Amino acid sequence: MPGLADDPYLRYARVREIAPVVHTSPFLGWSQLPLAELVERAVNVPTVLDNDVRALTAVQQWFGEGVGHSSFALVTVGAGIGCGLVIGDRLVTGQSGASGLVGHLQIDDRGPLCERGHRGCARAYASSPSIRRSIATTIARPELTFDDCLALAADGHPVARRVLDEAGAALGQVVATVANITGPELVVLSGESVHMYDVCAQAFHTALAAHTHWTAGPVRVAVKPFAFNEWARGAAVTALQHLLLHR
Ligand SMILES: [Zn+2]
């Protein structure tokens, strides 16, 4: 298609380096796994491999909250804390696909430990397993689910309230840090645990304002409800971009 590669929505993809190997996947316990080749062999379909949060960012850029913005950030909350960046119409990949690694930013050196042994990192405060574990352990109710914990906080349970306030504050600090570094027009907050925003919005915005650089204006935040098929949409957009650029 003549001129397609000059389309502003595709321009960034020319510099994307989509590796066929999963370097590290802590959630799945994979290291240096040639996943693209394995999938291709199993289903006999050309396969593109990319980071999940970057794929969600591509969806936002083409079809979501990022439409009309040349620079925005996507911050996700769930089992971990993730970040995808679009700067000057380009989806940032970083060397070897490593960019937006905000999950272990230190929030408070007296805080709880994460599974990597960091004290008080963002993930130790605001990932859904950390929130659930912190509340369930403190009040000795191991059966509680993450959503049970959110309901307790919404009802004003003092322990759940404190943990969710700390989680919201940690998330606000992460978003402020991302905004301070990249100066986005918009930060989209999403991910499978983004509904926690409903019970920690006040702490989130207080911390966001406190940590935003004094010379910058207020950070514009859009909360994007998450559905599980967003992962599939991310994969579809990633494959589509690759197909359009390599036809
Ligand atoms: Zn950590």
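The values are calculated or read from the model by the stated rules, or taken from the named source; none is laboratory data. Only a predicted model underlies this, so the values are computations on that prediction, with no experimental measurement involved. Please note: Cβ atoms are built from the backbone with ideal geometry, for glycine as well, and neighbour counts cover all protein chains shown. In case anyone asks, the SASA skips ligands and DNA or RNA and just uses the protein heavy atoms, side chains included. Shrake-Rupley method; radii C 1.70, N 1.55, O 1.52, S 1.80 Å.
Of the numbered conditions (1) surrounded by fewer than 21 Cβ atoms within 10 Å (Cβ to Cβ); (2) under 18 Å from residue 195 (Cβ atoms); (3) of a type in the set (S, T, N, Q), residue 138 fails exactly one; give the number of that condition.
It is condition (2) that residue 138 fails.
If residue 115 meets every condition in (1) under 28 Å from residue 99 (Cβ atoms); (2) of a type outside the set (Gly, Ala, Ser); (3) within 16 Å of the ligand (Cβ to nearest atom); (4) touching a Gly at 6+ places or on another chain (Cβ under 9 Å) apart from one, which number is that one?
Condition not satisfied by residue 115: (4).
Among the residues of segment 176-188, is there at least one that is open to solvent by less than 10 Å² (accessible area, probe 1.4 Å) and over 17 Å from the mean Cα position of the chain (by Cα)?
No, every residue in segment 176-188 fails to be open to solvent by less than 10 Å² (accessible area, probe 1.4 Å) and over 17 Å from the mean Cα position of the chain (by Cα).
Of these, 208, 144, 150, which one is closer than 25 Å to residue 109 by Cβ and either assigned to a loop (DSSP other than H, G, I, E, B) or in contact with a helix residue (DSSP H, G or I) (Cβ under 7 Å, 6 or more places away or on another chain) (or both)?
208
What pairs come up if the first residue lies in segment 122-134 and is open to solvent by 50 Å² or more (accessible area, probe 1.4 Å), the second is away from the ligand (no atom under 12 Å from the Cβ), and their beta carbons are under 8 Å apart, counting only those six or more places apart or on different chains?
129/79; 129/146; 132/144; 132/145; 132/146; 132/149
Mind checking which pairs have a first residue in segment 229-240 that is surrounded by fewer than 21 Cβ atoms within 10 Å (Cβ to Cβ) and a second that is acidic (Asp, Glu) and in a helix (DSSP H, G or I), Cβ under 9 Å, 6 or more apart or different chains?
Taking only residues 6 or more apart or on different chains, the pairs are 231/52; 235/52.
Condition check: closer than 19 Å to residue 55 by Cα and either away from the ligand (no atom under 15 Å from the Cβ) or of a type in the set (A, V, I, L, M) (or both). Does residue 184 satisfy that?
Yes.
Condition check: within 16 Å of the ligand (Cβ to nearest atom), in contact with a Ser or Thr (Cβ under 7 Å, 6 or more places away or on another chain) and in a helix (DSSP H, G or I). Does residue 167 satisfy that?
For residue 167, the condition - within 16 Å of the ligand (Cβ to nearest atom), in contact with a Ser or Thr (Cβ under 7 Å, 6 or more places away or on another chain) and in a helix (DSSP H, G or I) - is not met.
What do you reckon, is residue 136 part of a helix (DSSP H, G or I) and either within 14 Å of the ligand (Cβ to nearest atom) or more than 21 Å from residue 175 (Cα to Cα) (or both)?
yes
Scan segment 55-87 residue by residue and report those that are open to solvent by less than 30 Å² (accessible area, probe 1.4 Å), in a loop (DSSP other than H, G, I, E, B) and in contact (Cβ under 8 Å) with a residue 60 or more places away in the chain.
The initial filter retains those residues of segment 55-87 that are open to solvent by less than 30 Å² (accessible area, probe 1.4 Å), namely 55-61, 64, 66, 71-78, 80-86.
Those left that are additionally in a loop (DSSP other than H, G, I, E, B): 64, 66, 71, 78, 80.
Passing the criteria: 64, 66, 71, 78.
So which residues in segment 1-44 are modelled with pLDDT under 85, open to solvent by 70 Å² or more (accessible area, probe 1.4 Å) and of a type outside the set (Phe, Trp, Tyr), if there are any at all?
Within segment 1-44, 1, 2, 6, 11, 14, 15, 17, 20, 23, 24, 26 qualify.
Could you tell me whether any residue of segment 180-190 is in a helix (DSSP H, G or I), touching a helix residue (DSSP H, G or I) at 6+ places or on another chain (Cβ under 9 Å) and at negative phi?
yes
Write out, first by first residue and then by second, each pair whose Cβ atoms fall under 7 Å of each other, whose residues are 6+ apart or on separate chains, and whose first residue, in segment 147-175, is basic (Lys, Arg) while the second is crowded, with 24+ Cβ neighbours inside 10 Å.
So the pair list comes out as 161/153.
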